[in-house]
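The values are calculated or read from the model by the stated rules, or taken from the named source; none is laboratory data. It should be emphasised that the depicted structure is a prediction, and the values quoted were computed from it without experimental measurement. Positions of Cβ are backbone-derived with ideal geometry, glycine not excepted, and every protein chain shown enters the neighbour counts. Quick note on the areas: whole protein, heavy atoms, side chains included, nothing else; ligands and nucleic acids left out. Shrake-Rupley method; radii C 1.70, N 1.55, O 1.52, S 1.80 Å.
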Amino acid sequence: MSGYSNVGQGAVYEDGDQKNLKNSEVPGRPRYEEGVEHSHLPNDSKDERSIANRLANEERKLNRKEQDDPETAASKRDPTLPAKLHGNEPSKGAKIDADLKADEEEYLKQKHKK
């Protein structure tokens, strides 16, 4: 019936451009990695993990000791040190943190002498 239409070109109505491919000819999409780390968010309310799995995850977090990289460890000792290591002047906040830490250490030393 479409061959008798006067609208458009004849090529529009031919099925040459719409062919179903066989399953063997379908280009496959790459599969996503299964079991990717951090695929479950611990606070996700829609996650279907059991309470036992959540409890085991929290215990694992408590027992694990994470190793800090050298820069983080240095910033815990002296807040101005990371900036100095990079050749920059420490920020105002880092300077204030260093002053507060020194004051607290001095206060604790005096408190222990009493």
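How much net charge surrounds residue 110 when only the other residues with a Cβ under 14 Å from the Cβ of residue 110 are counted, with Lys and Arg +1 and Asp and Glu -1?
Numbers: positive: 109, 111, 113, 114; negative: 103, 104, 105, 106.
Combined, the nearby Lys, Arg, Asp and Glu give 0.
Rolling a 1.4 Å probe over the protein chains gives residue 108 an accessible area of about 90 Å². Estimated at the nearest 10 Å², the accessible area of residue 61 is 80 Å² with a 1.4 Å probe. Taking all protein chains together and rolling a 1.4 Å probe, residue 80 ends up with roughly 10 Å² accessible.
Computed FRET efficiency, Cβ-Cβ of residue 71 and residue 37, R0 30 Å: what is it to the nearest 0.05? Efficiency at R0 = 30 Å is approximately 0.80.
Multiplying the residue separation of residue 110 and residue 63 by 0.36 nm and removing their Cα-Cα distance gives an extension gain of 13.4 nm.
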